[in-house]
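The values are calculated or read from the model by the stated rules, or taken from the named source; none is laboratory data. On a predicted model such as this, the values are computed, not experimentally measured, just so you know. The protein model used for the area step is the full one, side chains on, heavy atoms only, and it has no ligands, DNA or RNA in it. Shrake-Rupley method; radii C 1.70, N 1.55, O 1.52, S 1.80 Å.
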Amino acid sequence: MATLEDIGVSAALVNILGAFAFLLAFALLRTQPINDRVYFPKWYILGKRTSPRTRFGVVGKFVNLDIMTYFTFLNWMPEALRMSESEIISHAGLDSAVFLRIYTLGLKIFGPIAVAALLLLIPVNVSGGTLFFLCRDLVISDIDKLSISNIRPKSYKFFIHISMEYVFTFWVCYMLYNEYGRVASMRLNFLAAQGRKPEQFTLTLERQKVLKDSNSVTPSAFVSFNSRWGAAVCAQTQQSKNPILWLTNWAPEPRDVYWKNLAISFFSLSIRKLVISISLFALVFFYMIPIAFVQSLANLEGLERVAPFLRPVVEWSFLKSFMQGFVPGLVLKIFLYYLPAILMVMSKIEGHVALSVLQRRTAAKYYYFMLVNVFLGSIVAGTAFQQLHAFLHQSATQIPRNIGVSIPMKATFFITYIMLDGWAGIAFEILRLKDLVIFHLKNMFIVKTERDLEKAMDPGGLDLPEALPSLQLYFLLAIVYMVVTPILLPFILIFFAFAYFVYRHQVINMYEQQYESAAAFWPHVHARITASLLISQLLLLGLLSTKKAANSTPLLVVLPILTLTFHKYCKNRFEPAFRRYPLEEAMNKDTQDHASDSDVKLKSLLADAYLHPIFHSFEEVDLVEVKVEKNPEDIASFSPSSLCSSPSPQHAHHLEDETSDNAQRYEVEPPHSNYHYKVESPNNMSRYKNQVIKSMSFVVSKVSQPAVHPAQLLNRF
């Protein structure tokens, strides 16, 4: 178990020095002209920044020779605060602004709580003195004397902890309520301020099964209306007496569509969700093995009592401090590294049709994983390893007491994890070392033109599937330990403040939006913070029961009921703003549009809004005439432009028509991979058209005439 000395080694010698090294490297690298596109890609994409000009010749294009700039290498921190929240919304979108508000919410909640807990609870805990009498049976450290474990059983001091749990819960709920109302208002104002968007007029329309019509091959479609009111009514009402016959919902914005899942049937979706749920359950419990290994590293003293051969390692002070204060957090991060990618694949298999939904579902899976394994698993496995000698040599009746005493002691492990992940990890995020190396490799071997240089930039984006669950874990740790072991709170406050600076800088200068969901993830954040309150109250209830505090424990029973009532009220009061679009608002926006714009503009807006990306690739080239030869041996071709040479066979689409005696053969050069399709009769043309949409390809007109836009070719069938 990590001691004050171990935490000092972890904090001072490894994490703080590591974080400082990353920040110093970033401050120096960002001032170099050759790295300008790595650390300011968003401004290049917006066209508001160009390659730095220098008066120091060729060398100055690569290395910053202006000495004065090195004295202001930390100016990125005040610069990150200059942009107001409204400017961030205009610059980076509402998703980014609300994501940043989560960090400020953490500071607002736990700042006052930390002050009250450190001033009131720690003196009470220190005065308990019970761990002094248990040190022969249990493995303890000086930091554990600051926790509730140091209070004697049946003590009236537990009334102070229960009172503070009530005060802290009311404060958290008060801040959550205000923030939920604020974010809901921001969302409605953001949507009201938007001009005409295709997703405002369009519905994600699904059939339970494919109709009897053989021409139908996909059970879903995008349906656009000529008014927001009409779209809102259709999207938010039941269309049939069979509720699963027609499933209607708002369409995601065009860049948010995940096209591969659009044609999955309702029955297949149900089967997929069942399979993924079972797989996720198995994955969560499989990861208990590495979690147990991590906890064995974090509790060398407990292992040493039953495995004396570890005594040389335990007695070597610096090695023991390094093993317990740094290695467990690092090993845990390594085990978690590939997990978000695995969970994203599982979410895609589930069949969600929007990238934003995929990321939210992945974030939910990752949060459940962090809750079960990183939090509960670390407590259970850590307690077992930490008090292994006591479990093996004491009667079974003493096990509840040992667990009750040991759970607060796991705060030391979480403190080391916070310093590694929340301090050094956040500092490494701003350095962007991986993106820096990849950009320069591309610049060295691939980049030939200015357009290649733009493609080499990888601005990245908010990694919500990983960032949100990690952030919610910190809320969970702070809420659970704010009464039990309040010494953990200052470490989390440092994380919230530092991460706010870093992510504000990233949002302003680096990250590029993949989509805009108008903060649709906020209800999930609110629900999981509220769930953290319930977990905190139940754990405290169980902890006091092991302390034989029968007189004070019943007072806690009311608190979970009040918390659930609060959550239900917030859900009914604010969540409709994230799930529905008010008809009154839709009507007002329609009235404003009709007074200023014509319907022609709306039709042009919706015409190609939900066109498959494969078709958009043709907009950059000029299509030429497609010639038709009845001789199968003669193959006509077209190329992207008149300057291109004839297409090679490996880059060709072949379309065969057997509707006449003499089979006709067409060859076109596509922008991507090749497909082979066979049209057997004119009656199958409609089915062929749908197959093309589903397989992400395109068709070509049968008659010999100048080629038209691929989207228009579909209408000919």
* Asked: Once you sort the root eigenvalues of the Cα gyration tensor of the range 486-579 as a ≥ b ≥ c, which label holds: rounded (a/c under 1.5), prolate (a/b larger than b/c) or oblate (the other case)?
  -> oblate
* **Interchain or long-range residues, amide H under 5 Å from Val257's placed H** => Leu355
* Structure fact -> Share of accessible surface on carbon and sulfur in the range 11-109, whole %, 1.4 Å probe and ligands ignored, is 68 percent
* When all C-alpha to C-alpha distances in the range 440-494 are sorted into bins of 10 Å, what percent of pairs does each bin hold, rounded to whole numbers? -> 20, 25, 16, 16, 16, 7, 0
* Extension reserve of the Ile342-Gln236 stretch, reckoned as 0.36 nm per residue once the Cα distance is removed -> 34.8 nm
* Could you rank His352, His594, His161 by how accessible they are, 1.4 Å probe, largest area first? => His594, His352, His161
* Heavy-atom accessible area ranking, 1.4 Å probe, most first, across Lys157, Lys410, Lys571, Lys548 -> Lys548, Lys571, Lys157, Lys410
* With every protein chain in place, what's the accessible area of Met77 (1.4 Å probe, Å², nearest 10)? -> 60 Å²
* Structure fact -> Karplus-derived 3J(HN,Hα) from phi for the range 493-507 (6.51 cos²θ - 1.76 cosθ + 1.60, θ = phi - 60°), whole Hz, x at Gly and Pro, runs 4, 4, 4, 4, 5, 5, 5, 4, 4, 5, 6, 5, 4, 5, 5
* Hey, what's the Kirkwood Rh for the range 22-111 if you take every pair of different alpha carbons, in angstrom? -> 15.4 Å
* Asked: With all protein chains present and a 1.4 Å probe, how do Phe428, Phe439 order by accessible area, largest first?
  -> Phe428, Phe439
* Structure fact -> Using a 1.4 Å probe on heavy atoms of the protein chains only, the accessible area for Leu564 in Å², nearest 10, reads 90 Å²
